[in-house]
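The values are calculated or read from the model by the stated rules, or taken from the named source; none is laboratory data. What you see is a predicted model; the values in this text were computed from it and never measured. Cβ atoms come from the backbone with ideal geometry, glycine included; neighbour counts cover every protein chain shown. Please note that ligands, DNA and RNA were not included when accessible areas were found on the heavy atoms of the full protein model with its side chains. Shrake-Rupley method; radii C 1.70, N 1.55, O 1.52, S 1.80 Å.
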Amino acid sequence: MTTPHPADAVAKTGRDMETLFDGFFSSIEAIRQNKAAAEHRDVNATIGSISSSLWTPHVETHEDEDCIRIHAHLPDVPNNQIRIDTDTPGRLKIYCECNTQAAYDSGNDRISERQLGQFEKDIPLPPAACISQMTTIYDGSHVVITIPTAF
């Protein structure tokens, strides 16, 4: 078995990226011209799956003398799509799913955009964290979780 040369891997990556970009931009042109070729739908599905897997909300953890505060920015995520799990000792997990759709007119075109994705964040907690006294506030785009600590 021969080991591929690093330059071959770089060249293959370059070809793959060229194919992806060519397909992406030709699919946009096809949409503008109202074409519905199968290859364009395949490129759109590929790009959609890539962008969905990259949806990563911003999460910050701050620890003070008396509590831990976790701020998660979850825009356009309905309250019923957010789950906070504290079943694992010493860990807090935030799960959510995003499924938003927007449609608008642009000149003679009707444009529809959709964002899909799943997110999971596992946060370690110190032994002094009092999970039973945890509070959660959600304002429609931010979740703030406050966990008192007992020292």
Residue that is open to solvent by 70 Å² or more (accessible area, probe 1.4 Å) and modelled with pLDDT of 90 or more, where the choices are GLU97, GLU60: GLU60
Members of the range 65-82 that are open to solvent by 80 Å² or more (accessible area, probe 1.4 Å) and more than 12 Å from TYR138 (Cβ to Cβ): GLU65, ASP66, ARG69, ASP76
Selected residue (criterion: modelled with the highest pLDDT) from residues of the range 125-151 that are exposed (fewer than 10 other Cβ atoms within 10 Å of the Cβ) and more than 14 Å from CYS67 (Cα to Cα): ILE137
Residues of the range 84-113 satisfying the condition of being in contact (Cβ under 8 Å) with a residue 40 or more places away in the chain and under 18 Å from the mean Cα position of the chain (by Cα): ILE84, ILE94, CYS98
Output for the range 101-124, where each listed residue is surrounded by 10 or more Cβ atoms within 10 Å (Cβ to Cβ) and aromatic (Phe, Trp, Tyr): PHE119
